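Trainee: My questions will all concern the structure given below.
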Amino acid sequence: MKLKIYKADTTSDLTIPLVSNNIRAGFPSPAEDYMEGIIDLNRELIQNPATTFLARVTGSSMREESIDEGDILIVDKSLAFMNHDLAVCYLNGEFTLKRVRQETDAFYLVPANPEYKEIKVTEGNDFIIWGIVTYVIKATRRPRVF
């Protein structure tokens, strides 16, 4: 799984109308009658603007965690790693997305797809935990090409 990484632009408000009632996945209702106000996605999703980046997912190694090609990750580089975090890692010159398990002898990068093998990271590897994934924004249609 490779990632394209982008700097998060938090210089402006990213406000979207907020519906006050729950949205049902059944019979539609006129949502405009229930508008409560606005929600700022930058404020809701990004706690540390200076250290937050966006990454677009390519590949299928995390599909059993419902992370699919085209999804957008919000990644915070300032968060301390905790065992089993979902993290963007830099390994031998490439970025990858995996669950990270720390054991006494090594780190293990754990995919969520049985078609991929777990990666054991040892002292001989060029490795850093680059950032921790805080949110996944699902792509529900074909992603735009930038």
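Trainee: So which of Met82, Met62 ends up being surrounded by fewer than 17 Cβ atoms within 10 Å (Cβ to Cβ) and hydrophobic (A, V, I, L, M, F, W, C)?
Mentor: Among Met82, Met62, only Met82 is surrounded by fewer than 17 Cβ atoms within 10 Å (Cβ to Cβ) and hydrophobic (A, V, I, L, M, F, W, C).
Trainee: Tally time: how many residues in the stretch 1-59 are in a loop (DSSP other than H, G, I, E, B), aliphatic (A, V, I, L, M) and either modelled with pLDDT of 65 or more or open to solvent by less than 50 Å² (accessible area, probe 1.4 Å) (or both)?
Mentor: Final tally of qualifying residues: 3.
Trainee: Given the criterion under 20 Å from Ile5 (Cα atoms), in a loop (DSSP other than H, G, I, E, B) and touching a residue at least 12 places away in the same chain (Cβ under 8 Å), identify the matching residue among Gly70, Gly131.
Mentor: Just a single option satisfies the conditions, and that option is Gly70.
Trainee: A further question on this structure: Here is a check on your reading of the model: is Tyr116 touching a residue at least 24 places away in the same chain (Cβ under 8 Å), open to solvent by 40 Å² or more (accessible area, probe 1.4 Å), under 30 Å from Leu41 (Cα atoms) and of a type in the set (Ser, Thr, Tyr)?
Mentor: Answer is no for this residue.
Trainee: Search the stretch 122-146 for residues being within 15 Å of Ala8 (Cβ to Cβ) and among the aliphatic types (A, V, I, L, M), and hand back the single one that is modelled with the lowest pLDDT.
Mentor: Step by step, filter the stretch 122-146, then rank; the result is Ile137.
Trainee: Looking only at residues in the stretch 65-79 that are open to solvent by 10 Å² or more (accessible area, probe 1.4 Å) and either of a type in the set (Gly, Ala, Ser) or over 17 Å from Tyr116 (Cα atoms) (or both), which one is modelled with the lowest pLDDT?
Mentor: Ranking the qualifying residues of the stretch 65-79, first place goes to Ile72.
Trainee: Can you pull out the residues in the stretch 85-106 that are assigned to a loop (DSSP other than H, G, I, E, B) and in contact with a strand residue (DSSP E or B) (Cβ under 8 Å, 6 or more places away or on another chain)?
Mentor: Scanning the stretch 85-106 gives Asp85, Asn92, Ala106.
Trainee: Would a scan of the stretch 90-111 turn up a residue that is among the basic types (Lys, Arg), in contact (Cβ under 8 Å) with a residue 12 or more places away in the chain, farther than 14 Å from Ile5 by Cα and open to solvent by 50 Å² or more (accessible area, probe 1.4 Å)?
Mentor: Looking for residues that are among the basic types (Lys, Arg), in contact (Cβ under 8 Å) with a residue 12 or more places away in the chain, farther than 14 Å from Ile5 by Cα and open to solvent by 50 Å² or more (accessible area, probe 1.4 Å), one finds at least one in the stretch 90-111, hence yes.
The values are calculated or read from the model by the stated rules, or taken from the named source; none is laboratory data. Quick caveat, the model's predicted, so the values are computed rather than measured. Cβ: placed from backbone, ideal geometry, glycine included. Neighbour counts: every protein chain shown. Heads up: the accessible areas ignore ligands, DNA and RNA and are worked out on the full protein's heavy atoms, side chains in. Shrake-Rupley method; radii C 1.70, N 1.55, O 1.52, S 1.80 Å.
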